[in-house]
Each structure stands twice: as structure tokens, then as C-alpha cells.
Amino acid sequence: MRRLARWFLTGMGIGIAAGLLLFLGGSLTWKRNPPEPVSANPAAGVTAPAGSVALAQRSAMNDQVTISRHNGITRAVSIASSAVVGITVTQVREYRAYNPMFDDPFFRHFFGVPEQRIRQKVESLGSGFFISADGYVVTNEHVVHDAIEIIVTTTTGEQYEADLIGTDFDSDLALLKVKGKNLPFLKIAEDDDVIVGEWVIAIGNPFGLFNINDQPSASVGVVSATNRDFERNEAGRLYQDMIQTDAAINQGNSGGPLVDILGEVIGVNTFIFSQSGGSVGIGFAIPAKRVRDVIDELKMRGGIDRDYWTGLAVQNLDRLIAMSLGYNKTEGVIVTDVERGSPAAKAGMKPTDIIFEIEGNPIPDAQSIRSYFNNHDLRVGDTVRGKLFRGGKVRDFKLKLEARPK
């Protein structure tokens, strides 16, 4: 009897141990290999693993972010950048040698010491852009002024020695030509309706950064103002109808394009207002209309003829002279001489005529008429219209500017 009880108890212990082993083994197996949860896809009528759904969602989100990063500005930069070039110019500049012993005009005059001058080669940098597939490049005249060598570097790293086709000092524009084919180029906008506040991008070679990896720099801003006119500066350049922008323009940006959101050139970046020399958000670009007009003439003639004459001599008008001529004002200038055969003579102008208006601008004195001709971009062939007083009547005149006789 005791033996049967011992066997019974032993069997029960073995059974309990086996059951525990099976339970624990199944539990461990489930923890190591949990069944993958599924996610229903009602549209397809099937289920997919949740991990696949998360991966698809992450991919879709990345696509959306990528799309959102591409906008009008990035597209414009992508369109324009490949046509922008870096320009390296070698110039010869002349300096007066300083010698403390002989730097006295009195000493030089009486002892016959000639003034010493040193000629030195210097390199300068600027920007430009292709306007045709066959290699015409637009830049500023001051970038290539007095150049003895001009090297154009493209975004592909290729370098070309450029020929100078033509320059216009007054408008500060120049046209270059390189020997190339199928080059990327920019379109100069035909619509001159630039909107104050619209986005613009200045692209170029500030501080020579283009030379690091043949990639131009882009800065973004808006059109701050249009039709900014400046009087002829000390150097003799005349900037009119300028586009003002707060897009950063720095040293080396000169000659590069100012493009709109379509990637079209609306101006040529030219100068800034700054006390430090760096950008403070007040930059100016030559407008597309002027660029088109000047570049067309440079391509055809190599320059612009502004050496015109009028054959007209004037002086200020005083009260006594005005009264004697029946003119009841003192604002105006009196014609004192008209050269025979001159444009003024052909316009029918005569001595004692009183000119008081030109192109809608009042002419109160002789200085104002000189200022008008000096501060307007007038060329041979242009016609100037105005009003004059003669014999108690107001008359209109048309003065066509002609080339100065040789």
C-alpha cells in the first residue's frame, strides 16, 4: 500500500513538472516571436503590417516636405544660376610715386625733378551673365574699365578669354563675347512693369566666392522702389530709372543679374549706398529697358554716340530784357546766338527767343538748361521738345541733336 502511494505521488510530481515546463516554454516562445499586428486597408480589402504603413507615411511626409521647400524663388534661382558668370579682370593702374624729398611742387619746378609714376597690374572681380547661346555677356562698364585681359568663368568651371564688344561709360554697361556654343543664357524681361514689393533675387560673385566652387551666390529681397534718378556723379556716370532693392549686393556683385520670380532679368546690379562698404539693404540695378537699348547699340556699333551739339547759346534773363521783349516773367533763358546750319537753326530758333520749358520741365535760368542736358541720357539723333516765347506768342520747338562737326 505504501509502495502504491509513493508511485502515485511520484507520478503526480512528474506530471506537474511537465505541465510547468510546457507552460513556461510556450510563454517564452511567444515573447521571442510576437505575432506582428496588422492594419486593415478597407480600400484594398486586405491588411498590411503596421511597419509598412509607417514607412509609407514617412515617405509621403518626406515628399511633401521636399515639395514645400521648392517654391518660386528656388525655381528662379535654378533657372538663372547656370547663366551667371564670374569675371576676372586684369587692369593696369597708374600711381604717383611718393618721395618725401621731392614731393614739393616748388622744388620740382625749379630743379626740374619729373613726377614719378608707377604702372602696376591689378586684378579685380565682378559678375555677368550670358544673354545668348553663342556667348554674349552683359556686365557693368566699371567692372571691365581699362582692362587688358578679361576672363569669364562659367558654372561648369570652364574659363574663356572674353573680347570686349563695346562699352558705354555713361550708363555703366558693357558687352563681352566669348567663343562658345549652346551656352545657357537669360532672357531680359520685355515687360517693364516692375512692381514695388515683388520678390527679386540678386545673383553674382560677391567677394570672389564664385571662384571657390564655380557656384554663384544668390540673395533674396524685394523691389524697394523704382525710377530712382541720380544726377551725373563725380566719375561722369549717369544712373536713371534705377531699381532699388534690399537684396544683398556686395563687392563683386556688380554686373550680375537681378531676376524676378520667373527667372527673367529685370535689372543689372550696379551699386549700393553704404558707409561700411558692405550691404545695408540699399542697392540699385539698371532697369531692363535701359539694358536692352544700350546692349542693342553696343552690339551694332560698339558704343553710343553722345557727342552731340545744339548750336545754341543762352544766358539768364533779367527783368529789363524781359520787359523790352513783352515777356512778363523773369523765369527763362534768352537765346543769344544760333550757329548757322546748326540743329538750333534747323529747329527755327532765333536770337532773343526766350526758352522757358523743355520736355515739360520748367527752365528758370541758364543753369537749369545746362543741368537738363547734362543729367539726361541724350544721344545723337534724339529730339528735344520745348516751349519758347517770341513776339508775344508761345511757340513749340523740336530740336534734333546732331553729331558734333569734326
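Pairwise Cα separations in the stretch 199-301 fall into 5 Å bins from 0 onward with the following percentages, short to long: 3, 13, 22, 24, 20, 12, 5, 1. At an R0 of 56 angstrom, the distance between the Cβ atoms of N211 and D365 translates into a FRET efficiency of 0.60.
One chain, two ends: I321 and V92. Fully extended at 0.36 nm per residue, the span grows by 77.0 nm beyond their Cα-Cα distance. Can you give me the Cα centroid spacing of the stretch 183-259 and the stretch 325-396 in angstrom? What the calculation gives is 37 Å, centre to centre. Exposure proxy ranking for S324, S219, based on other Cβ atoms within 10 angstrom of each Cβ and starting from the fewest, stands as S324, S219. For the residue pairs K350/K398; K299/K398; K346/K400, the alpha carbons lie more than 18 Å apart in K299/K398.
Distance between the 7 Å Cα→Cβ label points at S78 and A56: 2.7 nm. You can think of it this way: the chain between N375 and L164 has 73.3 nm of extra reach, that is 0.36 nm per residue less the Cα-Cα gap.
Every number in this text was worked out from the coordinates using simple rules, so none of it is lab data. Note that the coordinates shown come from a computational prediction; the quantities given were computed from them, not determined experimentally. As a convention, Cβ positions derive from the backbone with ideal geometry for all residues, glycine included, and neighbour counts pool all protein chains shown.
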